[in-house]
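Have a look at the structure below, then the notes.
The values are calculated or read from the model by the stated rules, or taken from the named source; none is laboratory data. Only a predicted model underlies this, so the values are computations on that prediction, with no experimental measurement involved. Heads up, the Cβs are rebuilt from the backbone with ideal geometry, glycines too, and the neighbour counts pull from every protein chain shown.
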2 protein chains.
Amino acid sequence: MSDHERGGTDGGGRRVRVLLADDEHLIRGALAALLALENDLLVVAEAASGPEALAMARAHRPDVAVLDLQMPGKDGVAVATELRAGLPACATMIVTGHGRPGHLKRALAAGVRGFVPKTVSAQRLAEIIRTVHAGNRYVDPELAADAISAGDSPLTAREAELLELAADGAPIAEIAARAALAPGTVRNYLSSAAAKLSAENRHAAVRVARERGWL
Amino acid sequence: MSDHERGGTDGGGRRVRVLLADDEHLIRGALAALLALENDLLVVAEAASGPEALAMARAHRPDVAVLDLQMPGKDGVAVATELRAGLPACATMIVTGHGRPGHLKRALAAGVRGFVPKTVSAQRLAEIIRTVHAGNRYVDPELAADAISAGDSPLTAREAELLELAADGAPIAEIAARAALAPGTVRNYLSSAAAKLSAENRHAAVRVARERGWL
DNA sequence: GAGCGCACGTGACAAATGTCAACCGGCCCA
DNA sequence: TGGGCCGGTTGACATTTGTCACGTGCGCTC
């Protein structure tokens, strides 16, 4: 993959070394080009998947990792979690197309310092990279508001787990088998989950939970 | 990038006028910047939603409209359809994150001349814009292969319609009311659709149909 | 025009699903 | 220590859903 690292000509101080990870080449390339216009930023590595992002991070030790939420292999939050452990000096931030409230919560729990939708401008993104690099946090106000209004998941661990198993439309019997539970028990959890989400049935419940990012 | 002489040709000639429509500012802006590097392309308008794209197209009369598939208001195919009617001189192409086979079919039926995933490079995109502007068609080979292997939808119009109504997990009674049909009839169509898609039940059927782009 | 295939539409019946009341065990607090 | 509360677990029962057999009408072929 491309390696734009240029030796020491950084004029004034050291530039902020950035890792870009996004599976859509078009966007990643375009982003790299735009960030290159900023004098104090330097894109040192690019990756198209989660594992590749990790490898690149280890090889190039960036100051800030800009990760797409949805990538093949590992998603952005998973990468951030491993980065936190393996390369604590590297700040992480997530960029996402359509952010769900639950993702934000998960990301913050993983130690991510920035969370922005792809609707921001490149200018703004550059500023946010600086903010994050300075040790501060930045969360898109709209996403934050959504997350707050959506609140915490009312589901118990078991309910969420069974809802997950129900997500692909499998019949109760199959879910029961996969969870090693009696069918009645499964029905009960799903019923309870649906009630908490004020959904008509488990399928609608799955939809609601997904929307809120609780799944 | 390079100073590659581009189709040198219309020295002083007219550039290809391009409309960019994508709801993600980051990507749209970045794309505009990259396409600006091409000597023979000129981004004359940008839009962040379906309706805005139409308005922009009417105002600026571009040669090629590059449309994101998923946008607020109207999706890319809907915009392409209206463009075809209102501005026949304008070629349309769709750019999409994760393309489903059915979308491609729908797009081609709407007169779209290019269909590419966002994993292509900007360089490649520029070439494709030229291809489309020259009156030719371009479809990403991988997406085309998927579409062919997925084949046509086996669903009848009625089945697809009811499956659509069932998509949000509504109970049969509600679907029946919305479709002005007897509940038994609704069950029958959905059952038939599920059988054709070899799905366990209507919810799984919705998932399968969505995946294949038949919904 | 008769026969055939296909999509539409319906109701009866069986199977799957959702609702309810109940039991058990751990935890907190008086 | 005992009681109340919460989450996990289960089976009985009513409702919803899926399956089946049936009838209708349209367009095609022979």
Matching residues in segment A:177-190 (more than 14 Å from chain B (Cβ to nearest Cβ), near DNA strand C (Cβ under 10 Å from one of its atoms) and in contact with a helix residue (DSSP H, G or I) (Cβ under 9 Å, 6 or more places away or on another chain)) number 6
Looking across segment A:164-176 at residues that are in contact with a Lys or Arg (Cβ under 7 Å, 6 or more places away or on another chain) and not charged (D, E, K, R), the single one that is farthest from DNA strand C (Cβ to nearest atom) is A:L165
Taking segment A:200-215 and the residues there that are in contact with a helix residue (DSSP H, G or I) (Cβ under 7 Å, 6 or more places away or on another chain), more than 9 Å from DNA strand C (Cβ to nearest atom) and within 11 Å of chain B (Cβ to nearest Cβ), the one that is nearest to A:P154 (Cα to Cα) would be A:V206
Looking across segment B:105-120 at residues that are aliphatic (A, V, I, L, M) and modelled with pLDDT of 85 or more, the single one that is farthest from B:G213 (Cα to Cα) is B:V120
Within segment B:138-175, restricting to residues that are modelled with pLDDT of 90 or more and closer than 29 Å to B:L125 by Cβ, the one that is nearest to the other protein chains (Cβ to nearest Cβ) is B:D140
Note: among B:A55, B:A89, B:A85, just one is more than 14 Å from chain A (Cβ to nearest Cβ), over 29 Å from A:L35 (Cα atoms) and assigned to a loop (DSSP other than H, G, I, E, B), namely B:A89
